[in-house]
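Remarks on the structure that follows.
The values are calculated or read from the model by the stated rules, or taken from the named source; none is laboratory data. Not measured: the values here are computed from a predicted model. No Cβ is skipped: glycine too gets one built from the backbone with ideal geometry, and neighbour counts run over all protein chains shown. For accessibility, only protein heavy atoms count, side chains too; no ligands or nucleic acids. Shrake-Rupley method; radii C 1.70, N 1.55, O 1.52, S 1.80 Å.
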Amino acid sequence: MGGAAPTPELLLAEFAGTPKALPEAVRAAGRRSLLNMVGTAIGGAGEAAIDRLAELSSGFGGAATTGLIGRRERADMLWAACINAAAANIFDFDDTHVPTVIHPAAPVGPAVLALAELRAAEGRPVSGSALLEAFVVGMEATCRLGNAAGSGHYARGWHITSTCGIVGAALAAGRLLGLAPPALADALGNALAQAAGSVETLGTMSKSLSVGQAARGGLMAALLAERGFAGPERPLTGRHGFFPLYSDAAEPSRLTDGLGSGWEVLNNTFKPYPCGVVLNPVIEACLALHAEGGFDPAAIVDVELTGHPLLRQRTDRPGVTSGRLAQVSAQHAVAVSLLRGIADLDAFSDRSVADPDLRAFGARLRFHDDPSCSLESARVRLTLADGREIVRSVEAARGGLERPMTDADLAAKLRAQVEWRGIDLAVDELVEAIWGIEDADDGAHFLALARPR
């Protein structure tokens, strides 16, 4: 008589703990995700929320062994993972897994980088290829967990990047630690014990706190598992496991079907604009309308946005009062891109939000839900005082799967964030080091280039 079939948890743990050669396309996706994550962490590292996290870490952390991306301070390994992840996510400029709207690199990357940097300081460097593999495996697990949790998970109000990202961070860190599958399964349980995050926090400092805690908690989950800290046998599929607790209609098979052969990281995309991903096609349409001209902005009496229902659910936020809230406000995004023709970091700053003309324009906006629309499409209809209508549709926004950002685009995006911060970095060397990470004996070596000189 054959033994019992392995649980999804053990299959996932075996995938994470059994090194196999990754296809070149998958490794390339990992390099692109890593470059983008480092860039967004640099861009976000000077925000007030990150200042406050860094201040807290200096008073309540351990030995400051690990650097902070885009900053001069150092922190202990767990705090560094937390702060770097929060910085990478704070501007909503990070990557997006299209089927789930997860930002997988932010919670996973800082966890493995913090661990690798500490190992290097101890004289036990992690190779660049091993680091990249762990990063990819963690992102893959994050995205697959999101797929399996289904749309009901996000609809309930869970911040899916945080709740799923902690699992990916735990498996990625566990892989670098060399944990065997049973210990990696324990790391899953330790991650379940900490998984949290609410979409109620979108547009506030708290949103990035949950992403930071996902990186910190995932790393802690793996470190505890290494020390024999045991979790439940079925943390994901048990009676009160992740799926029953966090989802209305989970599909656990999506966690493991094709695992190791079909890759969700190939569905990861990168944003050209620092805001919620559902706003990308709206902004693109408005930028095009601004460039084409042919109308007086004062004559616009109505702006109708047609898109997927998630567009309205996540971005119907009139009268926002901060740059953070502007990142998830269609009213602000339309006003600044249509009237000013910009959609960069400054466009979603506190200064931009304070512009009375932009704030007043948002009152002209209304939504029309169309479930047949993809998340990458939208239609903007302007109605003018003389009765004319001007319509612009975007079927596939720049940065999505159909129109991906190129490697050169991602490098330019990183450079723009360094320039926006006004800090002195060896940007060209940094970009080249990340592109060539798999040739490095110390995968964390490039981090020295990601901090001000």
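Annotations
- When the range 120-132 is filtered for residues that are open to solvent by 50 Å² or more (accessible area, probe 1.4 Å) and either touching a helix residue (DSSP H, G or I) at 6+ places or on another chain (Cβ under 8 Å) or touching a residue at least 60 places away in the same chain (Cβ under 8 Å) (or both), only Pro125 remains.
- Just one of the listed residues (Ala48, Ala29, Ala21) is of a type in the set (A, V, I, L, M, F, W, C) and either open to solvent by less than 10 Å² (accessible area, probe 1.4 Å) or under 29 Å from Thr204 (Cα atoms) (or both), and it is Ala48.
- Identity of the residue in the range 101-129, under 11 Å from the mean Cα position of the chain (by Cα) and assigned to a loop (DSSP other than H, G, I, E, B), that ends up farthest from Ala433 (Cα to Cα): Val101
- Checked against (1) on the phi > 0 side of the Ramachandran plot; (2) open to solvent by less than 10 Å² (accessible area, probe 1.4 Å), Asp92 passes all but a single condition, namely (2).
- Of all residues in the range 418-447, those that are open to solvent by 70 Å² or more (accessible area, probe 1.4 Å), in contact (Cβ under 8 Å) with a residue 40 or more places away in the chain and either among the aliphatic types (A, V, I, L, M) or not in a helix (DSSP H, G or I) (or both) total 1.
- Unmet criterion (only one of (1) surrounded by fewer than 21 Cβ atoms within 10 Å (Cβ to Cβ); (2) in contact with a Gly (Cβ under 9 Å, 6 or more places away or on another chain); (3) free of Cβ contacts under 8 Å to residues at least 60 places away in the same chain; (4) not hydroxyl-bearing (Ser, Thr, Tyr)) for Val98: (3)
- Considering the range 148-189, and only residues there that are at pLDDT 95 or above and in a loop (DSSP other than H, G, I, E, B), the residue that is surrounded by the fewest Cβ atoms within 10 Å (Cβ to Cβ) turns out to be Gly178.
- Sole exception among (1) closer than 17 Å to His103 by Cβ; (2) among the polar types (S, T, N, Q); (3) open to solvent by less than 20 Å² (accessible area, probe 1.4 Å) for Gln213, by number: (3)
- Within the range 288-328, the set of residues being among the polar types (S, T, N, Q), in contact with a helix residue (DSSP H, G or I) (Cβ under 6 Å, 6 or more places away or on another chain) and within 22 Å of Ser393 (Cβ to Cβ) comprises just one member, Thr315.
- Answer from Gly44, Gly17 - the residue that is within 25 Å of Arg324 (Cα to Cα) and in contact (Cβ under 8 Å) with a residue 24 or more places away in the chain: Gly44
- Residue within the range 192-208 that is part of a helix (DSSP H, G or I), open to solvent by 10 Å² or more (accessible area, probe 1.4 Å) and more than 30 Å from Asp316 (Cα to Cα) present: yes
- Filter result for Glu73 (free of Cβ contacts under 8 Å to residues at least 12 places away in the same chain, open to solvent by 10 Å² or more (accessible area, probe 1.4 Å) and either more than 15 Å from the chain's Cα centre (by Cα) or farther than 26 Å from Leu188 by Cα (or both)): no
- Filtered by the rule that a residue be assigned to a helix (DSSP H, G or I) and farther than 18 Å from Leu115 by Cβ, the range 63-100 gives a lone residue, Asn89.
- Residue in the range 221-233 that is open to solvent by 50 Å² or more (accessible area, probe 1.4 Å), of a type in the set (Asp, Glu), part of a loop (DSSP other than H, G, I, E, B) and within 19 Å of Glu9 (Cβ to Cβ) present: yes
- The set of residues in the range 341-376 being touching a residue at least 60 places away in the same chain (Cβ under 8 Å) and more than 19 Å from Arg314 (Cβ to Cβ) consists of Asp344, Leu345, Asp346, Phe361, Arg364.
- Leading residue by the ranking (farthest from the chain's Cα centre (by Cα)) among those in the range 368-383 that are in a strand (DSSP E or B) and surrounded by fewer than 16 Cβ atoms within 10 Å (Cβ to Cβ): His368
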